[in-house]
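One structure is given here, and the rest of the page talks about it.
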Amino acid sequence: MQRPFLSALMAAVAVSACEIPDEPPLSDTITEGFGIVVQNPEWPIVHNRYMNLYESGGGDQHLYLSPAGAYAFDLVLTGGIIEQDGLFAVINGEYLITDNTTKLFMTERADPMAIFQPVYGCNPDTDELQVELEFVERRGDGDLPGGHICVRSAAGERHEFRWSPPENPAWDDERPCIPVSLVIDRSEPPPIPTPSGSSSIIIPTPTGPSGPTATPDIFADVTSEGFAFVGCAPEEGPAGDGIPTRTLNGELYADDELTNELCVQYCGSRGYAYAGSEYGRECWCGNSYPPTRQPGNTLADLAGCNMRCGGDDGQWCGGGGWMNLYEACGENEPCVNAEFLPAAKRH
Ligand SMILES: *[C@@H]1O[C@H](CO)[C@@H](O)[C@H](O)[C@H]1NC(C)=O
């Protein structure tokens, strides 16, 4: 007889399932530090690995699965936003059309935030009660509710965190972005990896005249790529005009090995009229920018663009809140960089 068997089975399942407390929703603010373990028992390659921070240059942190980087056990959740020391988990950039996912990383700047809600769940291995961070929405630039966090293999045998939008029709079999649960963890942090396995941005050692001690030219000349230098433009935020919009808001390409050539090639190949390198590793594209962000024309106005490019420390790639702005040259026009006057003396 089948029925008794089935109901006995159901009863057994019910008994073994951990009990989800019947109480009001958990607060979306968690002040006691925590780490995050990811779970997806169907994918042993990622199951029960830790979410690590991995320095990406310019103060941002990549989010990678252990063992790359260092385990973050001092995260807090503030109104649904994962935070550590003034860095926030955001979703922006490195969009890939093959799987339609976007990067999740930590920054202090105003990119669209990843919003989470703590919920109870049952540990798939031990059946213990656990608290998971359920993804709620990507907030900013028009809120996008839903979707999920996934991890996907990245350069250097690492796995990086990404966001997949709701009902994402794309899936890349070659490089699947594996959906994961993010589980609050307060176990003893794993040992700090040895220096060789750890994590810092690798800046290639330049050779020749623009060695590491040389100061780069005041800007990189990329007219051979069809873009002329405009100046060092303020970004939103403290350096800008107080208006919370990006100076170039078309597309972001982020790359630890960024150069100004790569940036103008990226934006140029997508038909954008402007390209700007920022923070050593970010490349912003757009077709216009607010007049209040027009760069000045003295040498002193270049001061904010003081970060070397991740891919070439003989070039400047913007700064914190500043970008090296380039404009595509017209087809039948000369391609000429802006000129910069000596600064007026200050008394
Ligand atoms: C990406 O996902 C969204 C659904 O959230 C869908 O509307 C869009 O067409 C997808 N784009 C690609 C390139 O798959």
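The values are calculated or read from the model by the stated rules, or taken from the named source; none is laboratory data. Since the structure is predicted, the reported quantities are computational estimates derived from the model, not experimental observations. Every residue, glycine among them, receives a Cβ derived from its backbone with ideal geometry; neighbour counts consider all protein chains shown. SASA here: full protein model, heavy atoms, side chains in, ligands and nucleic acids out. Shrake-Rupley method; radii C 1.70, N 1.55, O 1.52, S 1.80 Å.
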Q. Label 7 Å along Cα→Cβ of Ile243; region 281-301 residues with amide nitrogen under 18 Å?
A. 285-296
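For region 4-185, what is the relative contact order in percent, using Cα pairs closer than 8 Å and at least 6 residues apart in sequence?
Numbers: 411 pairs, mean separation 39.4, N = 182.
RCO, region 4-185: 22 percent.
Please give the peptides 159-167, 41-49, 62-70 ranked by average Cβ packing (other Cβ atoms within 10 Å per residue), highest first, as a rough proxy for protection.
Values: 159-167: 20.1, 41-49: 14.1, 62-70: 22.3.
The packing order, highest mean first, is 62-70, 159-167, 41-49.
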**Q.** Whole-Hz ³J(HN,Hα) from phi, Karplus 6.51 cos²θ - 1.76 cosθ + 1.60, for region 82-93, glycine and proline x
**A.** 6, 9, 8, 6, x, 9, 10, 6, 10, 10, 6, x
Q.
Output wanted: per-residue J couplings in Hz (rounded whole) for region 110-126, from phi through Karplus 6.51 cos²θ - 1.76 cosθ + 1.60, θ = phi - 60°, x for Gly and Pro.
A. 8, 9, x, 7, 8, 10, 10, 10, x, 9, 7, x, 10, 5, x, 9, 9
Q. Ranked from highest to lowest mean number of other Cβ atoms within 10 Å per residue, what is the order of the peptides 172-180, 298-306?
A. 298-306, 172-180
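For the chain, which whole percent of the accessible surface, found with a 1.4 angstrom probe, sits on carbon and sulfur atoms? Please report the intermediate quantities before stating the final value.
Working: 9700 of 17710 Å².
Heavy-atom surface of the chain belonging to carbon and sulfur, 1.4 Å probe: 55 percent.
Take each of the peptides 94-100, 255-261, average the number of other beta-carbon atoms within 10 Å over its residues, and list them starting from the highest.
On the way: 94-100: 15.0, 255-261: 21.0.
Descending packing order for the listed peptides: 255-261, 94-100.
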**Q.** Mean-position separation - Cα centroids, region 244-262 and region 25-91, in angstrom
**A.** 24
(Q) Per residue of region 22-35, what does 6.51 cos²θ - 1.76 cosθ + 1.60 with θ = phi - 60° give for ³J(HN,Hα)? Whole Hz please, x for Gly and Pro, Karplus curve as stated. (A) 8, 9, x, x, 5, 5, 8, 10, 10, 8, 7, x, 8, x
Q | Rounded if a/c under 1.5, otherwise prolate or oblate - region 23-172, Cα gyration tensor axes | A | rounded
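Hey, can you find the accessible area per residue of the chain for me, probe 1.4 Å, expressed in square angstrom?
On the way: 17710 Å² over 347 residues.
Averaged over the residues of the chain, the accessible area is 51 Å².
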